[in-house]
Amino acid sequence: MRLERSIPAEALDAIRAPLLSAGAVATDAPVLQPLGLLLDLTGEAMRSRLFVVSGDGGEEAALRPDFTVAVARQHFANGGGAGRYRYEGKAFRVAPRGSDRAEEFLQLGVEAFEAGDPVAADAEIAALAWAASAAGGREDLGLILGDVSLFAAFVDSLDLAPPLAARLKRAFAKPRQLKAELDGDVAAPPNGKTGAEPSRITSLLAGLPEGEASAVLQELWSLAGIEPVGGRRPAEIAHRLVERAEAAKAGRLDPEQAGKVRAFLAVSDRPDAALDAILALAGSNNAALRTAVASWRQRLAGMAARGVPLDKATLAAAFGRAFGYYDGYLFEVHSAALGAERPLAAGGRYDGLPLKLGVGKLGVSADTGAVGFMVRPARAYAGGGE
């Protein structure tokens with residue numbers, strides 16, 4: 001496994017210093033994480049980037065690709081509530097084919113589970129990430145901002161049919177799926193034909209409660225002598241098949257609607273100008289979008305007050321991250337020397353993650369917000385090349 005280059009202790013201390021001021025408790029988290037859970041949260045596209053191993057009990061697990069899910073699982077397993085954590089340790093990802101990027105790398109970060117003002121917390125987290133990145137000595141930094149919920153509010157302003165709106169929102173972080181939605185190429189089977197009806201098995205399962213659909217799927221596997229692999233449970237597969245069948249009935253965007261969504265996704269400008277452009281594109285049902293934009297203006301003011309140079313920031317409406325558990329604002333700190341594919345720091349809001357972790361079934365309250373960031377010191381360090 002390839003290791004990233006080390007950096008001088010004094011440089012690491014400087015990058016670490018903003019995190020030490022965050023009022024967070026030092027923590028660690030298990031290196032092994034459930035593979036099925038990670039795939040559900042990040043999507044199948046991440047499978048090729050994960051180190052898959054056999055965990056305790058024979059179930060497939062993955063070496064942690066980052067700390068957010070691991071810290072969140074640990075926080076709620078310990079009772080939940082409010083908590084702020086600081087971590088420092090190794091994360092693991094398979095390098096993309098043909099790449100020489102590090103596969104085992106040091107991450108520092110903060111994860112905050114708090115019920116206070118989310119806009120103020122967002123501004124604080126972004127400022128901490130910027131300060132830690134800048135402490136590495138690079139002078140070519142830029143900040144890219146985005147917001148999954150801003151796209152959702154924009155979609156709602158268009159007054160689409162609810163199933164179509166829901167499908168479009170789910171596609172936001174999946175470029176191929178989003179392109180298919182905009183091109184009208186949805187519900188396509190493996191043979192590449194478009195506009196096809198769902199498969200017979202998908203239609204059958206769609207007519208059943210999910211518990212019964214799961215049982216039918218298990219029975220079919222048993223009759224066929226099939227043993228599923230890859231960490232997926234029958235209930236999860238049945239749920240996805242049911243979603244696919246329902247999506248096929250939701251219709252498609254008409255050309256005017258698709259044009260508006262494309263125009264939204266093309267917005268990329270200094271934050272205030274981008275917000276103005278987004279409002280100008282909104283449909284008539286825009287109350288939620290106006291509220292979201294007002295919150296963004298407050299967030300930007302908070303970031304500026306904490307030392308983030310907004311003249312180096314870009315709000316890109318199409319910006320999303322591969323980790324699908326983010327459901328609010330997002331950001332990455334980039335270096336011009338390293339390029340957009342190698343961010344120094346990244347983070348955002350993930351209020352919905354506790355429910356996806358099944359916290360409600362544990363009898364633990366998830367009535368807190370969730371926001372955090374990570375920084376990679378080897379990239380932040382001006383003398384590094386990772």
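The values are calculated or read from the model by the stated rules, or taken from the named source; none is laboratory data. Because the structure is predicted, anything quoted here is derived from the model rather than measured. Neighbour counts are summed over all protein chains in view; Cβ atoms, including those assigned to glycine, are modelled from backbone coordinates with ideal geometry. With ligands, DNA and RNA removed, areas are computed over all heavy atoms of the protein, side chains included. Shrake-Rupley method; radii C 1.70, N 1.55, O 1.52, S 1.80 Å.
Before we move on, is Val267 closer than 20 Å to Ala166 by Cβ, out of contact with any Cys (no Cβ under 6 Å at 6 or more places or on another chain), at pLDDT 95 or above and not basic (Lys, Arg)? Criteria not met by Val267.
Looking at the structure I just gave you, is Tyr326 modelled with pLDDT of 95 or more, open to solvent by 10 Å² or more (accessible area, probe 1.4 Å) and hydroxyl-bearing (Ser, Thr, Tyr)? Taking the combined requirement at face value, the residue does not satisfy it.
Scan the range 254-282 for residues that are open to solvent by 20 Å² or more (accessible area, probe 1.4 Å), touching a helix residue (DSSP H, G or I) at 6+ places or on another chain (Cβ under 7 Å) and over 15 Å from Ala313 (Cβ atoms) and the total you get is 6. Checking each residue in the range 287-317 for being open to solvent by 50 Å² or more (accessible area, probe 1.4 Å) and part of a loop (DSSP other than H, G, I, E, B) picks out Arg306, Gly307.
Every test in (1) part of a helix (DSSP H, G or I); (2) among the basic types (Lys, Arg); (3) modelled with pLDDT of 95 or more is passed by Arg73 save one, and that test is (3).
From Arg306, Arg299, grab the single residue that is within 21 Å of the chain's Cα centre (by Cα), charged (D, E, K, R) and at pLDDT 95 or above. Quick ask: steps written out before the conclusion?
On the way: Arg306 fails: within 21 Å of the chain's Cα centre (by Cα).
When all the criteria are applied, what remains is Arg299.
Note on the range 161-187: residues that are under 20 Å from the mean Cα position of the chain (by Cα), part of a loop (DSSP other than H, G, I, E, B), of a type outside the set (Lys, Arg) and more than 15 Å from Ala317 (Cβ to Cβ) amount to 0. Yes or no: Ala29 under 30 Å from Glu114 (Cβ atoms) and either in contact with a Ser or Thr (Cβ under 7 Å, 6 or more places away or on another chain) or surrounded by 13 or more Cβ atoms within 10 Å (Cβ to Cβ) (or both)? Criteria met by Ala29.
Matching residues to (1) over 13 Å from the mean Cα position of the chain (by Cα); (2) at pLDDT 95 or above; (3) among the small types (Gly, Ala, Ser); (4) on the phi > 0 side of the Ramachandran plot:
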{"position": "Glu332", "(1), (2), (3), (4)": "no, yes, no, no"}
{"position": "Ala336", "(1), (2), (3), (4)": "yes, yes, yes, no"}
{"position": "Glu341", "(1), (2), (3), (4)": "yes, no, no, no"}
{"position": "Ala345", "(1), (2), (3), (4)": "yes, yes, yes, no"}
{"position": "Gly358", "(1), (2), (3), (4)": "yes, no, yes, yes"}
{"position": "Ser365", "(1), (2), (3), (4)": "yes, no, yes, no"}
{"position": "Thr368", "(1), (2), (3), (4)": "yes, no, no, no"}
{"position": "Phe373", "(1), (2), (3), (4)": "no, yes, no, no"}
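Given the structure, is Ala91 aliphatic (A, V, I, L, M), assigned to a loop (DSSP other than H, G, I, E, B) and crowded, with 19+ Cβ neighbours inside 10 Å?
Details: aliphatic (A, V, I, L, M): yes; assigned to a loop (DSSP other than H, G, I, E, B): no; crowded, with 19+ Cβ neighbours inside 10 Å: yes.
It is false that Ala91 is aliphatic (A, V, I, L, M), assigned to a loop (DSSP other than H, G, I, E, B) and crowded, with 19+ Cβ neighbours inside 10 Å.
Taken over the range 1-48, the criterion of being at pLDDT 85 or above, touching a Lys or Arg at 6+ places or on another chain (Cβ under 9 Å) and not in a helix (DSSP H, G or I) is satisfied by Ala22, Gly23, Ala24, Val25, Ala26, Thr27, Ala29, Pro30, Val31, Leu32, Gln33, Pro34. Scan (1) open to solvent by 60 Å² or more (accessible area, probe 1.4 Å); (2) within 28 Å of Thr368 (Cβ to Cβ); (3) touching a strand residue (DSSP E or B) at 6+ places or on another chain (Cβ under 9 Å); (4) of a type outside the set (S, T, N, Q) for the single condition Ala77 breaks and write down its number. Single failed check for Ala77: (3).
Can you name the residue in the range 7-19 that is surrounded by fewer than 13 Cβ atoms within 10 Å (Cβ to Cβ) and touching a residue at least 40 places away in the same chain (Cβ under 8 Å) and, of all such residues, is farthest from the chain's Cα centre (by Cα)?
To start, the set of residues in the range 7-19 that are surrounded by fewer than 13 Cβ atoms within 10 Å (Cβ to Cβ) comprises 8-10, 13, 17.
Still in the list and also touching a residue at least 40 places away in the same chain (Cβ under 8 Å): 8, 17.
Working: Pro8: 31, Ala17: 26 Å.
The residue in question is Pro8.
Do we find that Ala62 is closer than 24 Å to Gly352 by Cα and more than 14 Å from the chain's Cα centre (by Cα) in this structure? Spelling it out, Ala62 is indeed closer than 24 Å to Gly352 by Cα and more than 14 Å from the chain's Cα centre (by Cα). Each residue in the range 125-141 was checked for being of a type in the set (D, E, K, R) and surrounded by fewer than 20 Cβ atoms within 10 Å (Cβ to Cβ), and 2 pass. Scanning the range 154-177 for residues that are buried (at least 21 other Cβ atoms within 10 Å of the Cβ) and at pLDDT 90 or above gives Phe154, Val155, Ser157, Leu158, Leu160, Leu168. Regarding Gly57, is this residue assigned to a helix (DSSP H, G or I), surrounded by fewer than 21 Cβ atoms within 10 Å (Cβ to Cβ) and at pLDDT below 90? Yes; evaluated as a whole, the condition is true for this residue. Annotation note: Cβ proximity below 9 Å between a residue of the range 115-135 that is in contact (Cβ under 8 Å) with a residue 12 or more places away in the chain and in a helix (DSSP H, G or I) and a residue that is open to solvent by 40 Å² or more (accessible area, probe 1.4 Å) and acidic (Asp, Glu) (sequence gap 6+ or interchain) occurs for Pro118/Asp351; Ala121/Glu114.
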